[in-house]
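Visitor: Structure provided below as structure tokens; questions to follow.
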Amino acid sequence: MVPDAAAAPSQGGRSYPFLLVPISLFFLLLGLAVLRSPSLITSAGIGSAVIVATPLILATYALMAVVIAGRGTVDLSVGPLIGFVNVTLIQLHGAGVLESPLAVFAYAIAVGAAYQLLFALIVIYVRVQPIIVSLSGYLALSGLNLVILPRPGGVAPQWMADWGLGTSIFSPVLLILVLASLGWMLFTQTAFFTHLRLMGSDERAAYTSGVPIFVVRIGAHLISGCFAGLAAIAFTALISSGDPSQGTTYTLIAVTALVLGGASLAGGRGGVFGSFLGAINLYLITFVLATFNFGAVQSFVTNLAYGTILVVSLLLTLIIPFIQRHLRNFSPLLYFVALSVVALSVILHATFDYQSQGQDQPETGADQPALSSQMLTPIDREQLYVAPLEVAAPNQQESAMRAAAAPVILFILLMVVIAVFLRVAFSQSDRRNLAPVVAVVILALVVLGAYMMRHPGGPNAPPVNVEAE
Amino acid sequence: MLPPTPSLSLSANIIGLVVGIILTVIGVVFGFAQGTSVQFIILSAIATLAAFVWGWRYVLGQFVSQTPQTDEGPSEIKRVWLQFRPALIGLVAILLVFLVLSLAIENFFNIWNVISLLILLSIVVLTRTLGRQFQENRSAFIGVMVLSGLFSIGAMNIEGFASTMNIKSMLLFAAFLGIASVGQTLVALLGGLDLSIPFIIGAANVGLLYLISLGVPPWLAVILVLTIGVALGVINGLLSYRLQGQALIVTLGTGFAISGGVQILTSIGTAYGGNVFGTVPGWLSNLAAMNGSTFGIPFPPVIAIWGVIILILTIGMRYTVYGRYLYALGVNRTSAKRVMISELKYWVTMYAISGFFAALTGSLLLGWSGGGFIGVGDQYLFLTLAAVVVGGTSLLGGQGGYGFTVIGVLVLQVLSSFLIGIGLDFEWQQFIFGLLILPMVALYARSPHIRTQI
């Protein structure tokens, strides 16, 4: 373990070294995605990304909450559960029962929690392996979903369908995601969470040291059920209708995302930060691959990439002990900050220096960015190999833009230097808790970067229009 | 290891033999009445007699070696309650369900359903009373009970359920599932999991047809596909050996990659995007199709292949050093290592076998369906797992065996044809499957209370 483990925020739990792989992968993919399709970093681009990725992220949270509880509780039934809430919601709405947002939320969370409560009670009292209970639930629920709604159809409530448009970053779906993440972070501060982790790592030790393991297990399942309910709402908002089989596919993807995020399937290790990164990584993989037009074999390539990246990132976790041996003071947060600076510069570069691509495909501009990933024309092979590395030949306007961007980059670099300095200074002293400072620095960086992108000419200049020539 | 079969008294032996012969005669008469071919009747008669006599000796032997124990409990009723609590709850639940169904559904209360009810009740009672007497192989006993109960209920309620045709088709599908579950069982015995099986099945299915359509001789193509299956299994084994405890996710990842890769390979140069067309050779179709014949006897050879696999595996795992080492590794790796058993070797070998049998299933399924389809293995993702679990092999390793999985496969297959027989759709079947796995497993695979594990 890292010696000054307390220096990072607690959302990662003790899983610090394991965050190395997801963080690296995240920025690698982000850079690639931005270079391939700069429209990702627009209000609408991020907005649609949030809409599409949120159900997966929440499903991963739902898995994470029970995986920490140990005994190999990989809840295979999370996908069918999402599907079940989705189809019943649509049918009940069709029957005119569920109308108000409050009722819908209450219903979804209650169903999720009730199912998970049943799950926990079976695991505790019938004492069969949790994976069997989840297998049983998977088969039963996915059958039941088809009975309730034989084929995709139905309409979601109007207010919910509006959420799924994804035209702006600040959609209610994002609010759900943020609240869910914050809720888990608050939860990690409680003694209950400590008990949960202890139970996940060593159930017998927890039992002998007086942890009420049954209560803790039920609690973990209830939390997971709430996440599953929220995931179902986000899913319903995304497709704005009912689909009995689509939800089922979330099981395998969410398990993949969970592992990609550094959680241990054996229990005791996992956090909201890693799970978030894992799910986002999967989304970015799909996004990046969608920008290359593979035609008929698109889904096969996606499968291949999923599998390969999953296996490779698992293999990368093997070298973590070596890294730890040489890098005693590794902090994933600092790593995150450093990489995010690189990513920001890539974003700036992609946004300001890539006029050529923008001209070729005017439809990827800010006007209809929500469709960006689908509308890209196939690129020729030469461009595929060279384009990401090519140095753009700046014309008059671009030089001006670069000049405008330069101070931002300089400023960011300055901030990083300060952050590193602070980090070193603090770790030298006895003050171990640097988390608030680093968080403030990151926030400042992000806000500043966003602001500068929007107004590169200074506070009084009009927002830059990339399409203007 | 087999417990030493105790010598039974002469009268017990004679009774067993007589009952077995009576049963065989009934079977033969039944067979002639249905007009089945003579070879088939003779074969099945011999099989019935042998199985019954062996089972008789085995079951009685368990009782002879068992010393009856009576301990003083608090009171008679309370002791019975404590001992048979799950069984009693089960009895009441079944009775309640029956009552509700009879009240709700018209004509439900007829003689056949009442007999079915009685069979169900007796299964519950027998598993809890007789099953207790078995020191080991309890799950096999319960599995056989459930199997025979289900079969007799099906035979009574559904027209043509016990006909040769239906049994043949059940055995055919059971053979596919059984061959696919070989790898899952072996890997589970070591405490691993192999989720790449369905993807390898699909990949082998498409890949074999692709090779044949390229003009490779079919026999060579099959050998190639099987070799590639083994190679993929080795890769799986090596990767998941390095990443202990993550076998589930590693094999899932390689599975995704395999299925994607094979589809990309097969779609290069074609405009169909993953669909492969070609003609399946006759001998491959004969191997797996419903109307195939083995040496003139009209049943598909794949059933015979499965039978051979069962024989080799069960005998091999029981009596060879290799098989015993496998169990030793599954029960306790550290101590197995101490007696110089190579963990890596066994682990990789089991995954290689798993890859081989998955590829074999894929090739056989090509013979059965006659067309390549990447999703042909999808249902085996959870079915192989369910067969292993229902049979009674522990997913934690060290307990169970392929014989158990065979029982699990048969139970799943009979249950599924029963549900089809009473006219339920696929989704209802899946629902009931899901609901039934839990109590089936709960009958024998309950882990002890944490209190007793410290």
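The values are calculated or read from the model by the stated rules, or taken from the named source; none is laboratory data. Predicted model, so just to flag it, every value in this text is computed and none were measured. Glycine also receives a Cβ, built like all others from the backbone with ideal geometry; neighbour counts cover every protein chain displayed. We work out accessible area using only protein heavy atoms, side chains counted, and drop any ligands, DNA or RNA first. Shrake-Rupley method; radii C 1.70, N 1.55, O 1.52, S 1.80 Å.
Visitor: Every residue in segment A:239-262 that is surrounded by 24 or more Cβ atoms within 10 Å (Cβ to Cβ) and in a helix (DSSP H, G or I), please.
Guide: Initially, segment A:239-262 is screened for residues surrounded by 24 or more Cβ atoms within 10 Å (Cβ to Cβ), giving A:242, A:244, A:247, A:250-251, A:254-262.
Hits for segment A:239-262 are A:Gly247, A:Tyr250, A:Thr251, A:Ala254, A:Val255, A:Thr256, A:Ala257, A:Leu258, A:Val259, A:Leu260.
Visitor: Just to be sure, is A:Ala110 among the small types (Gly, Ala, Ser) and either on the phi > 0 side of the Ramachandran plot or surrounded by 14 or more Cβ atoms within 10 Å (Cβ to Cβ) (or both)?
Guide: Working: among the small types (Gly, Ala, Ser): yes; either on the phi > 0 side of the Ramachandran plot or surrounded by 14 or more Cβ atoms within 10 Å (Cβ to Cβ) (or both): yes.
Answer is yes for this residue.
Visitor: Say we look at segment B:404-425 and pick out the residues that are away from chain A (no Cβ under 14 Å) and over 20 Å from the mean Cα position of the chain (by Cα); which of these is surrounded by the fewest Cβ atoms within 10 Å (Cβ to Cβ)?
Guide: B:Gly423
Visitor: Assuming B:Leu424 fulfils every condition listed in (1) closer than 20 Å to A:Gln129 by Cα; (2) part of a loop (DSSP other than H, G, I, E, B) apart from one, which condition is it?
Guide: Just one mismatch for B:Leu424, condition (1).
Visitor: Scanning segment B:248-267 for residues that are over 16 Å from B:Gly207 (Cβ atoms) and at pLDDT below 80, which turns out surrounded by the fewest Cβ atoms within 10 Å (Cβ to Cβ)?
Guide: Within segment B:248-267, the match that is surrounded by the fewest Cβ atoms within 10 Å (Cβ to Cβ) is B:Leu248.
Visitor: Let me ask another. Of all the residues that make up segment A:73-87, how many are away from every other protein chain (no Cβ under 12 Å) and either among the charged types (D, E, K, R) or open to solvent by 10 Å² or more (accessible area, probe 1.4 Å) (or both)?
Guide: Result for segment A:73-87: 1.
Visitor: Scan (1) of a type in the set (Gly, Ala, Ser); (2) free of Cβ contacts under 8 Å to residues at least 12 places away in the same chain; (3) within 14 Å of chain B (Cβ to nearest Cβ) for the single condition A:Ser201 breaks and write down its number.
Guide: With respect to (1) of a type in the set (Gly, Ala, Ser); (2) free of Cβ contacts under 8 Å to residues at least 12 places away in the same chain; (3) within 14 Å of chain B (Cβ to nearest Cβ), A:Ser201 is out only on (2).
Visitor: So, B:Ala221, is that one buried (at least 20 other Cβ atoms within 10 Å of the Cβ), away from chain A (no Cβ under 14 Å), without any contact (Cβ under 8 Å) to a residue 60 or more places away in the chain and assigned to a helix (DSSP H, G or I) or not? Break it down stepwise before answering.
Guide: Numbers: buried (at least 20 other Cβ atoms within 10 Å of the Cβ): yes; away from chain A (no Cβ under 14 Å): yes; without any contact (Cβ under 8 Å) to a residue 60 or more places away in the chain: yes; assigned to a helix (DSSP H, G or I): yes.
Criteria met by B:Ala221.
Visitor: Let me ask something else about it. Please enumerate the residues belonging to segment B:426-440 that are at the interface with another protein chain (Cβ under 8 Å from one of its Cβ atoms) and either over 15 Å from B:Gln413 (Cβ atoms) or surrounded by fewer than 16 Cβ atoms within 10 Å (Cβ to Cβ) (or both).
Guide: Residues satisfying the conditions are B:Phe426, B:Glu427, B:Trp428, B:Phe431, B:Gly434, B:Leu435, B:Leu438.
Visitor: Next question. Considering (1) open to solvent by 10 Å² or more (accessible area, probe 1.4 Å); (2) assigned to a helix (DSSP H, G or I); (3) within 12 Å of another protein chain (Cβ to nearest Cβ), say which one A:Leu63 fails and leave the rest.
Guide: It fails just one condition, (1).
Visitor: Could you please find all residues in segment B:224-235 being away from chain A (no Cβ under 14 Å) and either crowded, with 24+ Cβ neighbours inside 10 Å or within 26 Å of the chain's Cα centre (by Cα) (or both)?
Guide: First, pick out the residues of segment B:224-235 that are away from chain A (no Cβ under 14 Å): B:224-231, B:233-234.
Across segment B:224-235, the qualifying residues are B:Val225, B:Leu226, B:Thr227, B:Ile228, B:Gly229, B:Val230, B:Ala231, B:Gly233, B:Val234.
Visitor: Write out, first by first residue and then by second, each pair whose Cβ atoms fall under 9 Å of each other, whose residues are 6+ apart or on separate chains, and whose first residue, in segment B:236-257, is at the interface with chain A (Cβ under 7 Å from one of its Cβ atoms) and on the phi < 0 side of the Ramachandran plot while the second is of a type in the set (D, E, K, R) and open to solvent by 30 Å² or more (accessible area, probe 1.4 Å).
Guide: B:Val250/B:Arg242
Visitor: Any idea how many residues of segment A:113-138 are open to solvent by 20 Å² or more (accessible area, probe 1.4 Å), within 10 Å of another protein chain (Cβ to nearest Cβ) and hydrophobic (A, V, I, L, M, F, W, C)?
Guide: Here the count works out to 3.
Visitor: Looking at A:Ser224, A:Ser264 in this structure, which one is more than 20 Å from A:Ala49 (Cα to Cα) and at pLDDT 85 or above? Before you say what the answer is, go through the steps one by one.
Guide: On the way: A:Ser264 fails: at pLDDT 85 or above.
It is A:Ser224.
Visitor: Also, I was wondering about something else. Across segment A:139-165, which residue is surrounded by the most Cβ atoms within 10 Å (Cβ to Cβ) among those that are at the interface with chain B (Cβ under 7 Å from one of its Cβ atoms) and more than 25 Å from A:Ala53 (Cβ to Cβ)?
Guide: Filtering segment A:139-165 for residues that are at the interface with chain B (Cβ under 7 Å from one of its Cβ atoms) and more than 25 Å from A:Ala53 (Cβ to Cβ), the one surrounded by the most Cβ atoms within 10 Å (Cβ to Cβ) comes out as A:Leu139.
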